[in-house]
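J.: This is the structure I have questions about; it appears just below.
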Amino acid sequence: MQENHLFEYAVIRIVPRVEREEFLNVGVILYCKQQRFLQAVFTLDEERLRTFSPHTDIAEVKAYLDAFVEICHGGKEAGPIGKLDIASRFRWLTATRSSVVQTSKVHPGFCGGDAAETLNRLHRQLVL
């Protein structure tokens with residue numbers, strides 16, 4: 001029988017005009033302590049973003065999303081935040097902020113065995 005592992009996840013959103021609180025779901029970040037797993041995956045539909053917000057700097061948004069992924073991987077290449085332990089990096093990435101890239105509230109769940117598979121499933125359900 002597969003052991004269930006508690007995980008936490010949040011949806012990564014693009015909020016072009018923070019004051020309007022309108023957003024596009026573009027990715028998911030998932031943390032599973034038991035599996036020592038922290039990853040983010042995103043899909044940026046540039047055409048949809050241009051339609052939603054024609055003045056958004058797409059290159060800047062991509063750089064922010066790439067930084068999310070890099071911080072998940074950790075290490076000195078990810079800057080000071082990348083040097084934190086895995087749980088602290090997740091908490092930092094999912095902290096409430098008022099910026100173009102934000103996350104939803106953190107949600108818990110259980111995954112059967114493979115956190116990466118769960119991350120991909122959530123990405124398909126919530127973004128694609």
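J.: Return the aspartates and glutamates within reach of K105: Cα separation strictly under 16 angstrom, same-chain partners fewer than 8 residues apart disregarded; answer none if there are no such residues.
T.: The qualifying aspartates and glutamates are E8, E21, E22.
J.: Another question about this same structure. Summing -39500 (n - 2.57) over the DSSP H runs of n ≥ 4 in the chain and dividing by its residue number, what mean residue ellipticity at 222 nm do you reach, to the nearest 500 deg cm²/dmol?
T.: It lands at -10500 deg cm²/dmol.
J.: Another question, if that's okay. Give me the mean projected area, in nm² to one decimal, of the convex hull enclosing the Cα positions of segment 5-126.
T.: Directional mean of the projected Cα hull area for segment 5-126 stands at 7.3 nm².
J.: Evaluate the charge dipole of the chain about its Cα centre and quote only its size in Debye, nearest 20, assuming +1 on the Cβ of each Lys and Arg and -1 on the Cβ of each Asp and Glu.
T.: That gives a dipole near 280 debye.
J.: Same structure, new question: How far apart, in nm, are two points set 7 Å out from the Cα along the Cα-to-Cβ line at R97 and at R124?
T.: 3.0 nm
J.: Tilt of helix 115-126 relative to the longest C-alpha principal axis of the chain, in degrees (0 to 90, nearest 10)?
T.: Helix 115-126 sits at roughly 30 degrees to that axis.
J.: Loop sites only, by DSSP: take the GluC sites (Glu not before Pro) in the chain that have at most 11 other C-beta atoms within 10 Å and name the longest stretch containing none of them.
T.: Segment 22-128 is the longest.
J.: Another question, if that's okay. Name the residue from L30, Q125, L65 whose Cα lies farthest towards the positive end of the charge dipole of the chain, charges +1 on Cβ of Lys and Arg and -1 on Cβ of Asp and Glu.
T.: Selected residue: L30.
J.: On to the next question. For the residue pair F52 and E19, what label-to-label distance in nm results when each label sits 7 Å from Cα along the Cα-to-beta-carbon direction?
T.: Rounded to a tenth, the inter-label distance reads 2.0 nm.
None of the figures in this text is laboratory data; all of them are computed from the coordinates on show. All figures in this text were calculated on a predicted structure; none of them were measured in a lab. Note: ideal-geometry Cβ built from the backbone for every residue, glycine included; neighbour counts use all protein chains shown.
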